[in-house]
Amino acid sequence: MPDISKKNRESPKIRNNPKIKLLKKNARQRSLLENLESDNTYQDLEEIMAGISEDTLLTEDKSVYHLKGKYERYWLDRTKNILHKDILIIQPNGNVVIRSPRNIYHGEAYYFLNSQLQLDIYLQNDELRIGLTLLGYVGRHDIKDIRCIHVLSLSSDPDLNPVVNYEILVPALQLDVITLPQLIEVDSLEFMKLTHRYPELYPGLQRRHTSAPARVDW
């Protein structure tokens, strides 16, 4: 999945600074070699950046930093009897990327009330606007202390009717192990392997929940 663009997050202080605009204009008028040979551009840029507060250049969202990392996202398609495994990544700055077998999604993560994790997914493949919200209890735990997150998701079905689903997020903490998105047919070999690894996963996804448990364990 491509990286999320930072253009929308660029600070107005930087973007609208007249000196920055002048530097960009001058840079277009000079050749690449001239730019490399001139120190004036870098000196001017350093003066501008020195006048910008640290908050303007903040690249990490401290509220969700303890939850950053990779998760396996599981949800059940009851109509096709298929278990979906997506790869969900919370980046240090709060951006979210979901890799499914067929699509790539982008959004943002929020941590609030010292207990709730909310994921708002709004872009598919950087083009199509969508609506998907996931909400789950994480308490004050770090990702390394979480075995799974019980999540309720609000989305729409093929007929564009709003629907609520129950999902489970499992932290993928072993960085040296490659994990990929999958479509897993129930009772297949891959399904058997998965249920051996997570015995509580499939029974949990089969239930029709109206609320998610306030715990970070099975």
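Observations on the model:
- For A212, the criteria (1) modelled with pLDDT of 85 or more; (2) open to solvent by less than 70 Å² (accessible area, probe 1.4 Å) hold in every case but one, which is (1).
- Of everything in segment 122-147 that is of a type in the set (S, T, Y) and modelled with pLDDT of 95 or more, the residue that is least open to solvent (accessible area, probe 1.4 Å) is T133.
- Of the set (1) open to solvent by 100 Å² or more (accessible area, probe 1.4 Å); (2) not in a loop (DSSP other than H, G, I, E, B), all apply to L169 but (1).
- Which listed residue, of L152, L76, L88, L117, is touching a residue at least 24 places away in the same chain (Cβ under 8 Å), part of a strand (DSSP E or B) and either touching a Ser or Thr at 6+ places or on another chain (Cβ under 8 Å) or open to solvent by 70 Å² or more (accessible area, probe 1.4 Å) (or both): L152
- Members of segment 91-108 found to be open to solvent by less than 10 Å² (accessible area, probe 1.4 Å) and part of a loop (DSSP other than H, G, I, E, B), listed by number: G94
- Selection of segment 120-142 for residues being more than 23 Å from V170 (Cβ to Cβ), part of a strand (DSSP E or B) and charged (D, E, K, R) yields only R129.
- Some residue of segment 64-73 being touching a Gly at 6+ places or on another chain (Cβ under 6 Å), over 29 Å from T195 (Cβ atoms) and at pLDDT below 95: yes
The values are calculated or read from the model by the stated rules, or taken from the named source; none is laboratory data. Small disclaimer: the values here were computed from a predicted structure and weren't measured. Positions of Cβ are backbone-derived with ideal geometry, glycine not excepted, and every protein chain shown enters the neighbour counts. We work out accessible area using only protein heavy atoms, side chains counted, and drop any ligands, DNA or RNA first. Shrake-Rupley method; radii C 1.70, N 1.55, O 1.52, S 1.80 Å.
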